[in-house]
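Data first, discussion second: the structure below is written as structure tokens.
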Amino acid sequence: MKLPRRLLALAVVLGVLAALSAQATPRILRAFGTRYPEAREKLGNCTTCHTDTVPQMNPYGADLKKAGADFAKVDSLDSDGDGVLNRVEIAALTRPGDPKSKPEPIGEVEARHHPGGRKEVATVRAARVRAGRVDASGTQVLRMRPIL
């Protein structure tokens, strides 16, 4: 008699824990949509943080979990190692946990960064371009090379 009661108690505890765990997902999705409203429709779903085998996390989801679901702490990371910051990927509506999903570079921009006036070319990856101007919150300089 004691064994079935213990099994029942264990099943109840596991059920409660599973229910609490499942409740975290809508909360995090709402927080994602609040922080990145323009990405809510395309990226506001489970596969932004999870692999196709939920509950397994992709690299972005693992970093977000380590950061206590603080999106600001993972914005400046490149979770999937594809060379693009998480915040740039999200602004470009590409998946920050999938190295095959990243925005394309928009081209090169000539810039002067040195007091001596030495010119350099920056390859820029932009997430948003509005009225011909690059939105600075969605840009990332990929590399600089001197102009000879």
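Laboratory data are not the source of any read-out in this text; all were calculated from the coordinates shown. It should be emphasised that the depicted structure is a prediction, and the values quoted were computed from it without experimental measurement. FYI the Cβ positions are ideal-geometry reconstructions off the backbone, even for glycines, and counts take in every protein chain you see.
Descending by average beta-carbon neighbour count within 10 Å, the peptides 70-80, 86-96 line up as 86-96, 70-80, the highest first. For His50, the amide hydrogen comes within under 5 Å of the amide hydrogens of Asn58, counting only partners 5 or more places away or on other chains and with H modelled in the peptide plane. Remark: segment 77-94, residue by residue, has Karplus-estimated 3J(HN,Hα) of 8, 10, 4, 8, x, 8, x, 10, 5, 4, 5, 6, 4, 5, 5, 8, 6, 10 Hz, where x stands for each Gly or Pro and the curve is 6.51 cos²θ - 1.76 cosθ + 1.60 at θ = phi - 60°. Here the Karplus curve 6.51 cos²θ - 1.76 cosθ + 1.60, taken at θ = phi - 60°, turns the phi angles of segment 68-75 into couplings of x, 6, 9, 4, 4, 6, 9, 4 Hz, with x standing for Gly and Pro.
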